[in-house]
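> Before we start, here is the structure in question, set down as structure tokens.
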Amino acid sequence: MNPDSRGFYGQYGGSYIPETLSGPIEEVKEAFEKFRDEKSFKSDLSYWQKEYVGRATPLTYAKRLSQFLGGPKIYLKREDLTHTGAHKINNTLGQILIAKRMRKTRIIAETGAGQHGVAVATVCALFGLNCTIYMGEDDTKRQRLNVYRMRLLGASVKSVDSGSKTLKDAINEAMRDWVTNVKDSYYLLGSALGPHPYPQMVTEFQSVIGQEVKDQILNKEGRLPDQLIACVGGGSNAIGLFHPFLEDKSVSLVGVEAGGLGIKENLHAARFEGGSVGIFQGTKTFILQDQFGQIKETKSISAGLDYAGIGPLHCFLKAEGRAQYTYATDKEAMNAFSLLSKMEGIIPAIESSHAIAYIIKEASNLSKDKIVVCNLSGRGDKDVETAIFYSNKEDIYN
Ligand SMILES: *Cc1c(COP(=O)(O)O)cnc(C)c1O
């Protein structure tokens, strides 16, 4: 489904931006609308998806896990097998192909944990575009390896030491840069959020996940699955899986947010549990905010889910009853992380482990003839050190 012409999905979404950004965003919107259906754009995109990203990714039947849990047949969509090891590359590839057609020579992005920054730096290297990544100073210290990766890939990483020295300050700096350098620069946003047209554009580029799942499951099982499950940070891997199935009402959709240390003040990142509607980073959506509209602190063991806002289309799907949302705690996710590793020889990203945690909890409520597809949004190699700290009961939040 597409948003209306102003970028709204029901009451959610839109484009709440300062005057200075309206020109640049309009330019992105026009380019996206112009190129998205162009034949040469589509063939270019599918060429790089195949030759560089490694698509189509497999849909693996997790036989031992299914038998162990004694419930439905569980299939895993293997985004962990893409180049760079997570679904983020689907979006950065799509957007950089738009930027190139806009004749931009420079890409700007912000990153929190560094995963989006690495995906952006990767495609910039591939196409020889200049790349500037803004990152909060505290995050650059916590994520030194990703800073090094980005620099290795040729990106310039700018450490932001204003405000809280984390993601939201990095976003402010990146926006300032964009407004000043819009002539040659493109702003590459990392999840299905922000002002219109970004949620729509990111949804479209990630929908390759669900499209492949549909073909693959029809091939393997001769029918659609009963349920799709994905973790939800900003919401891009989940919406990419769900979107091609929105009209297939027999398929239930489940998004899993980060329950952190439990649903208590400032200890989680489950927007639908403790959040309310507000305007955040250019879009009207559910956010974790206090009574004065100040953004609350969030906590999750997974960097990719540790975010105060969620993509607007998820709010609409929840309001319509088309998708359900729940959460998994750090503890449940880390149990899933080690169970999947042992059962299938697949170390999942801690983000994806939240989705696995849901199926572990729910398997006994589903009969053996049911089929579920769980999105493995990324691989867990990046998370092994966190897992060591966690199992040693060290403070993972410092
Ligand atoms: C960034 C990330 C996520 C969360 O982002 P979404 O936009 O919600 O998909 C989930 N899994 C992995 C592996 C990630 O890197």
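> Starting from residues that are assigned to a loop (DSSP other than H, G, I, E, B) and surrounded by fewer than 24 Cβ atoms within 10 Å (Cβ to Cβ), keep the ones in the range 223-237 and report whichever is farthest from the ligand (Cβ to nearest atom). Working first, answer last.
Narrowing the range 223-237 to residues assigned to a loop (DSSP other than H, G, I, E, B): 223-226, 232-235.
If we keep only those that are surrounded by fewer than 24 Cβ atoms within 10 Å (Cβ to Cβ) too, we end up with 223-224, 226.
Details: 223: 27, 224: 22, 226: 22 Å.
Only one residue fits best here, namely 223.
> State the number of residues belonging to the range 326-355 that are crowded, with 22+ Cβ neighbours inside 10 Å, closer than 15 Å to residue 77 by Cβ and more than 12 Å from the ligand (Cβ to nearest atom).
Looking only at that region, the number is 1.
> Scanning the range 101-124 for residues that are out of contact with any Asp or Glu (no Cβ under 9 Å at 6 or more places or on another chain) and more than 10 Å from the ligand (Cβ to nearest atom), which turns out nearest to residue 170 (Cα to Cα)?
109
> Which of the numbered conditions does residue 124 fail, given that it passes all the others? Conditions: (1) in contact with a strand residue (DSSP E or B) (Cβ under 8 Å, 6 or more places away or on another chain); (2) closer than 20 Å to residue 241 by Cβ.
With respect to (1) in contact with a strand residue (DSSP E or B) (Cβ under 8 Å, 6 or more places away or on another chain); (2) closer than 20 Å to residue 241 by Cβ, residue 124 is out only on (2).
> Please determine, by comparing only the residues of the range 364-385 that are outside any helix (DSSP H, G or I) and away from the ligand (no atom under 16 Å from the Cβ), which one is nearest to the chain's Cα centre (by Cα).
To start, the set of residues in the range 364-385 that are outside any helix (DSSP H, G or I) comprises 366-380.
Remaining after also requiring away from the ligand (no atom under 16 Å from the Cβ): 366-372.
Working: 366: 27, 367: 30, 368: 30, 369: 30, 370: 27, 371: 24, 372: 20 Å.
Looking at the filtered set, the residue picked out is 372.
> In this structure, is residue 358 surrounded by 17 or more Cβ atoms within 10 Å (Cβ to Cβ), among the aromatic types (Phe, Trp, Tyr), in contact (Cβ under 8 Å) with a residue 60 or more places away in the chain and within 15 Å of the ligand (Cβ to nearest atom)?
Numbers: surrounded by 17 or more Cβ atoms within 10 Å (Cβ to Cβ): yes; among the aromatic types (Phe, Trp, Tyr): yes; in contact (Cβ under 8 Å) with a residue 60 or more places away in the chain: yes; within 15 Å of the ligand (Cβ to nearest atom): yes.
Yes.
> Continuing with the same structure: Which residue out of 323, 308 is within 30 Å of residue 64 (Cα to Cα) and within 14 Å of the ligand (Cβ to nearest atom)?
Numbers: 308 fails: within 30 Å of residue 64 (Cα to Cα).
Step by step, each of 323, 308 is checked, and only 323 is within 30 Å of residue 64 (Cα to Cα) and within 14 Å of the ligand (Cβ to nearest atom).
> Sticking with this structure for a sec: Just one of 279, 388 is more than 20 Å from residue 190 (Cβ to Cβ) and either assigned to a loop (DSSP other than H, G, I, E, B) or of a type outside the set (Phe, Trp, Tyr) (or both); which is it?
Values: 279 fails: more than 20 Å from residue 190 (Cβ to Cβ).
The match here is 388.
> Another question about this same structure. List pairs: first in the range 257-276 and assigned to a strand (DSSP E or B), second of a type in the set (Val, Ile, Thr), Cβ under 6 Å, 6+ apart or cross-chain?
These pairs meet every condition: 257/232; 259/329; 269/298.
Conditions (1) in the same structural domain as residue 26 (by TED's automatic domain parsing); (2) under 17 Å from residue 354 (Cβ atoms); (3) crowded, with 23+ Cβ neighbours inside 10 Å, marked per residue:
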{"residue": "247", "(1), (2), (3)": "no, no, no"}
{"residue": "262", "(1), (2), (3)": "no, yes, no"}
{"residue": "265", "(1), (2), (3)": "no, no, no"}
{"residue": "271", "(1), (2), (3)": "no, yes, yes"}
{"residue": "274", "(1), (2), (3)": "no, yes, no"}
{"residue": "278", "(1), (2), (3)": "no, no, no"}
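> For the range 196-211, give me each residue that is more than 16 Å from the ligand (Cβ to nearest atom) and either touching a residue at least 40 places away in the same chain (Cβ under 8 Å) or in contact with a Cys (Cβ under 9 Å, 6 or more places away or on another chain) (or both). First the steps, then the outcome.
Going residue by residue through the range 196-211, those that are more than 16 Å from the ligand (Cβ to nearest atom) are 196-197, 211.
Selection gives 196, 197.
> Something else: Identify the single condition in (1) at positive phi; (2) under 20 Å from the mean Cα position of the chain (by Cα); (3) away from the ligand (no atom under 15 Å from the Cβ) that residue 262 does not satisfy, given that it satisfies every other one.
The one condition residue 262 does not meet is (2).
> Restricting attention to the range 161-202, which residues are surrounded by fewer than 24 Cβ atoms within 10 Å (Cβ to Cβ) and among the polar types (S, T, N, Q)?
The answer is 162, 164, 166, 172, 180, 181, 185, 200.
The values are calculated or read from the model by the stated rules, or taken from the named source; none is laboratory data. Here the structure is a predicted model, which means the values were calculated and not measured. Here Cβ is always computed from backbone atoms with ideal geometry, including for glycine, and neighbour counts include all displayed protein chains.
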